[in-house]
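In what follows, a single structure is set out as C-alpha coordinates and then discussed.
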(Lines give C-alpha, C1' and ligand atoms only; values in the text may rest on other atoms or scores of the structure.)
Protein backbone atom coordinates (compact mmCIF):
# COMPACT_ATOMS: atom_id res chain seq x y z
CA UNK A 1 0.00 0.00 0.00
CA UNK A 2 1.41 3.40 -0.95
CA UNK A 3 2.18 6.29 1.37
CA UNK A 4 -0.63 8.32 -0.20
CA UNK A 5 -3.24 5.79 0.93
CA UNK A 6 -1.81 5.18 4.47
CA UNK A 7 -0.90 8.73 5.56
CA UNK A 8 -3.55 10.95 7.12
CA UNK A 9 -4.76 13.47 4.51
CA UNK A 10 -3.77 17.10 5.00
CA UNK A 11 -6.45 19.27 3.31
CA UNK A 12 -4.34 22.43 3.46
CA UNK A 13 -1.30 20.75 1.92
CA UNK A 14 -3.52 19.04 -0.66
CA UNK A 15 -4.92 22.43 -1.75
CA UNK A 16 -1.44 24.00 -1.93
CA UNK A 17 -0.16 21.19 -4.14
CA UNK A 18 -3.15 21.45 -6.46
CA UNK A 19 -2.83 25.24 -6.77
CA UNK A 20 0.91 25.07 -7.46
CA UNK A 21 0.39 22.30 -10.03
CA UNK A 22 -2.41 24.27 -11.72
CA UNK A 23 -0.17 27.29 -12.26
CA UNK A 24 2.70 25.17 -13.57
CA UNK A 25 0.48 23.02 -15.82
CA UNK A 26 -1.25 26.07 -17.30
CA UNK A 27 2.07 27.74 -18.08
CA UNK A 28 4.17 24.80 -19.23
CA UNK A 29 1.78 21.94 -19.95
CA UNK A 30 1.46 18.64 -18.11
CA UNK A 31 4.33 16.58 -19.51
CA UNK A 32 6.99 19.25 -19.03
CA UNK A 33 6.32 19.69 -15.31
CA UNK A 34 7.80 17.14 -12.89
CA UNK A 35 6.58 16.16 -9.44
CA UNK A 36 9.83 17.57 -8.08
CA UNK A 37 9.08 20.99 -9.59
CA UNK A 38 5.60 21.00 -8.08
CA UNK A 39 7.04 20.11 -4.68
CA UNK A 40 9.76 22.78 -4.93
CA UNK A 41 7.16 25.42 -5.84
CA UNK A 42 5.66 25.17 -2.34
CA UNK A 43 8.81 24.22 -0.46
CA UNK A 44 8.16 20.54 0.30
CA UNK A 45 9.94 17.32 -0.59
CA UNK A 46 8.77 14.97 -3.30
CA UNK A 47 8.23 12.37 -0.57
CA UNK A 48 5.80 14.71 1.19
CA UNK A 49 4.00 15.37 -2.09
CA UNK A 50 3.54 11.63 -2.67
CA UNK A 51 1.96 11.28 0.76
CA UNK A 52 -0.94 13.29 -0.65
CA UNK A 53 -0.98 11.94 -4.23
CA UNK A 54 0.06 8.55 -5.54
CA UNK A 55 0.99 9.80 -9.01
CA UNK A 56 1.42 13.03 -10.99
CA UNK A 57 -1.63 11.96 -12.98
CA UNK A 58 -3.68 12.03 -9.76
CA UNK A 59 -2.52 15.62 -9.23
CA UNK A 60 -3.72 16.42 -12.76
CA UNK A 61 -7.12 14.93 -11.94
CA UNK A 62 -7.33 17.09 -8.81
CA UNK A 63 -6.48 20.17 -10.88
CA UNK A 64 -9.04 19.63 -13.65
CA UNK A 65 -11.94 17.35 -12.70
CA UNK A 66 -13.33 19.11 -9.59
CA UNK A 67 -13.72 22.36 -11.56
CA UNK A 68 -15.51 20.56 -14.38
CA UNK A 69 -17.79 18.66 -11.99
CA UNK A 70 -18.62 21.81 -10.06
CA UNK A 71 -19.56 23.48 -13.34
CA UNK A 72 -21.78 20.49 -14.19
CA UNK A 73 -23.55 20.77 -10.81
CA UNK A 74 -24.19 24.47 -11.36
CA UNK A 75 -25.65 23.74 -14.79
CA UNK A 76 -27.90 21.04 -13.26
CA UNK A 77 -29.08 23.56 -10.67
CA UNK A 78 -29.89 26.10 -13.38
CA UNK A 79 -31.78 23.57 -15.50
CA UNK A 80 -33.77 22.36 -12.47
CA UNK A 81 -34.88 25.90 -11.55
CA UNK A 82 -38.52 25.95 -12.66
CA UNK A 83 -38.94 29.57 -11.58
CA UNK A 84 -36.21 30.86 -13.90
CA UNK A 85 -37.47 32.16 -17.27
CA UNK A 86 -36.23 30.12 -20.24
CA UNK A 87 -34.12 32.90 -21.79
CA UNK A 88 -32.43 33.60 -18.45
CA UNK A 89 -31.76 29.89 -18.08
CA UNK A 90 -30.28 29.71 -21.57
CA UNK A 91 -28.03 32.72 -20.96
CA UNK A 92 -26.84 31.32 -17.62
CA UNK A 93 -25.92 27.93 -19.10
CA UNK A 94 -24.14 29.49 -22.09
CA UNK A 95 -22.21 31.77 -19.74
CA UNK A 96 -21.13 28.79 -17.64
CA UNK A 97 -19.83 26.95 -20.70
CA UNK A 98 -18.12 30.05 -22.07
CA UNK A 99 -16.41 30.76 -18.74
CA UNK A 100 -15.17 27.18 -18.52
CA UNK A 101 -13.51 27.45 -21.93
CA UNK A 102 -12.08 30.86 -21.08
CA UNK A 103 -10.07 29.27 -18.27
CA UNK A 104 -8.75 26.46 -20.45
CA UNK A 105 -5.16 26.47 -21.70
CA UNK A 106 -4.66 25.15 -25.26
CA UNK A 107 -1.17 23.98 -24.26
CA UNK A 108 -2.51 21.97 -21.33
CA UNK A 109 -5.45 20.58 -23.32
CA UNK A 110 -3.19 19.23 -26.07
CA UNK A 111 -0.70 17.88 -23.55
CA UNK A 112 -3.34 16.02 -21.54
CA UNK A 113 -4.75 14.51 -24.73
CA UNK A 114 -1.32 13.13 -25.69
CA UNK A 115 0.33 12.32 -22.36
CA UNK A 116 -2.58 11.54 -20.01
CA UNK A 117 -5.18 9.70 -22.12
CA UNK A 118 -6.99 8.20 -19.11
CA UNK A 119 -7.56 11.64 -17.61
CA UNK A 120 -8.56 12.96 -21.04
CA UNK A 121 -11.25 10.28 -21.28
CA UNK A 122 -12.63 11.32 -17.89
CA UNK A 123 -12.69 14.96 -19.00
CA UNK A 124 -14.40 13.98 -22.25
CA UNK A 125 -17.12 12.06 -20.38
CA UNK A 126 -17.92 15.08 -18.19
CA UNK A 127 -17.98 17.40 -21.21
CA UNK A 128 -20.19 15.03 -23.21
CA UNK A 129 -22.70 14.91 -20.36
CA UNK A 130 -22.73 18.73 -20.33
CA UNK A 131 -23.08 18.72 -24.12
CA UNK A 132 -26.20 16.51 -23.89
CA UNK A 133 -27.78 18.71 -21.21
CA UNK A 134 -27.28 21.84 -23.31
CA UNK A 135 -28.75 19.95 -26.28
CA UNK A 136 -31.89 19.26 -24.25
CA UNK A 137 -32.16 22.99 -23.53
CA UNK A 138 -31.80 23.80 -27.24
CA UNK A 139 -34.58 21.35 -28.08
CA UNK A 140 -36.79 22.98 -25.47
CA UNK A 141 -36.04 26.34 -27.10
CA UNK A 142 -37.20 25.03 -30.48
CA UNK A 143 -40.42 23.69 -28.92
CA UNK A 144 -41.04 27.05 -27.24
CA UNK A 145 -40.47 28.91 -30.50
CA UNK A 146 -37.36 30.67 -29.20
CA UNK A 147 -35.15 29.04 -31.85
CA UNK A 148 -36.00 28.48 -35.49
CA UNK A 149 -37.50 25.09 -36.16
CA UNK A 150 -35.96 24.84 -39.63
CA UNK A 151 -32.46 24.52 -38.14
CA UNK A 152 -31.72 21.15 -36.49
CA UNK A 153 -30.97 21.31 -32.75
CA UNK A 154 -27.73 19.40 -33.33
CA UNK A 155 -26.49 22.06 -35.75
CA UNK A 156 -27.28 24.87 -33.30
CA UNK A 157 -25.58 22.97 -30.50
CA UNK A 158 -22.42 22.13 -32.43
CA UNK A 159 -22.16 25.63 -33.92
CA UNK A 160 -22.21 27.18 -30.47
CA UNK A 161 -19.79 24.64 -28.99
CA UNK A 162 -17.31 24.98 -31.88
CA UNK A 163 -17.44 28.78 -31.69
CA UNK A 164 -16.83 28.78 -27.93
CA UNK A 165 -13.97 26.27 -28.18
CA UNK A 166 -12.21 28.42 -30.78
CA UNK A 167 -12.91 31.88 -29.38
CA UNK A 168 -12.97 31.57 -25.58
CA UNK A 169 -9.40 30.39 -25.08
CA UNK A 170 -6.52 32.49 -23.69
CA UNK A 171 -4.49 32.51 -26.92
CA UNK A 172 -7.35 33.84 -29.05
CA UNK A 173 -8.62 36.24 -26.40
CA UNK A 174 -5.14 37.74 -26.14
CA UNK A 175 -5.27 38.67 -29.83
CA UNK A 176 -8.65 40.42 -29.63
CA UNK A 177 -9.05 44.19 -29.09
CA UNK A 178 -11.63 43.65 -26.34
CA UNK A 179 -12.18 41.94 -23.00
CA UNK A 180 -13.22 38.30 -22.64
CA UNK A 181 -16.67 39.43 -21.49
CA UNK A 182 -17.19 41.60 -24.58
CA UNK A 183 -15.94 38.77 -26.83
CA UNK A 184 -18.41 36.32 -25.30
CA UNK A 185 -21.32 38.77 -25.51
CA UNK A 186 -20.45 39.42 -29.16
CA UNK A 187 -20.40 35.69 -29.85
CA UNK A 188 -23.88 35.31 -28.39
CA UNK A 189 -25.17 38.22 -30.48
CA UNK A 190 -23.74 36.75 -33.68
CA UNK A 191 -25.08 33.25 -33.05
CA UNK A 192 -28.54 34.20 -31.85
CA UNK A 193 -29.17 37.60 -33.40
CA UNK A 194 -26.98 37.47 -36.51
CA UNK A 195 -24.52 40.05 -37.84
CA UNK A 196 -27.01 41.82 -40.11
CA UNK A 197 -29.30 44.63 -39.02
CA UNK A 198 -32.94 43.61 -38.68
CA UNK A 199 -34.19 44.77 -42.10
CA UNK A 200 -31.16 43.41 -43.93
CA UNK A 201 -31.52 40.12 -42.10
CA UNK A 202 -35.15 39.77 -43.17
CA UNK A 203 -34.29 40.52 -46.80
CA UNK A 204 -31.46 37.97 -46.83
CA UNK A 205 -33.66 35.31 -45.25
CA UNK A 206 -36.35 35.83 -47.89
CA UNK A 207 -33.74 35.71 -50.63
CA UNK A 208 -32.34 32.45 -49.25
CA UNK A 209 -35.82 30.94 -49.06
CA UNK A 210 -36.49 31.84 -52.71
CA UNK A 211 -33.13 30.40 -53.74
CA UNK A 212 -33.89 27.16 -51.93
CA UNK A 213 -37.16 26.82 -53.80
CA UNK A 214 -35.62 27.53 -57.23
CA UNK A 215 -32.41 25.54 -56.74
CA UNK A 216 -32.49 22.44 -59.02
CA UNK A 217 -31.73 19.04 -57.60
CA UNK A 218 -28.18 17.95 -58.33
CA UNK A 219 -27.57 14.66 -60.08
CA UNK A 220 -25.53 12.18 -58.13
CA UNK A 221 -21.93 12.35 -59.25
CA UNK A 222 -20.11 9.23 -60.31
CA UNK A 223 -16.71 10.91 -60.04
CA UNK A 224 -14.33 9.91 -57.26
CA UNK A 225 -12.65 13.38 -57.27
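The values are calculated or read from the model by the stated rules, or taken from the named source; none is laboratory data. A quick note: this is a predicted structure, and the numbers were derived from the prediction, not measured. Quick reminder, even Gly has a Cβ in these numbers, built from the backbone with ideal geometry, and neighbours come from all protein chains shown.
Among the residues making up the stretch 36-75, those that are over 16 Å from residue 14 (Cβ atoms) and assigned by TED's automatic domain parsing to the domain that holds residue 9 are 36, 37, 40.
For the stretch 28-38, a residue qualifies if it is in a helix (DSSP H, G or I) and without any contact (Cβ under 8 Å) to a residue 60 or more places away in the chain, and the qualifying residues are 35, 36, 37, 38. For the stretch 39-86, the set of residues classified as over 26 Å from the mean Cα position of the chain (by Cα) and either assigned to a helix (DSSP H, G or I) or surrounded by 15 or more Cβ atoms within 10 Å (Cβ to Cβ) (or both) consists of 39, 40, 41, 44, 46, 47, 48, 49, 50, 51, 52, 53, listed by residue number.
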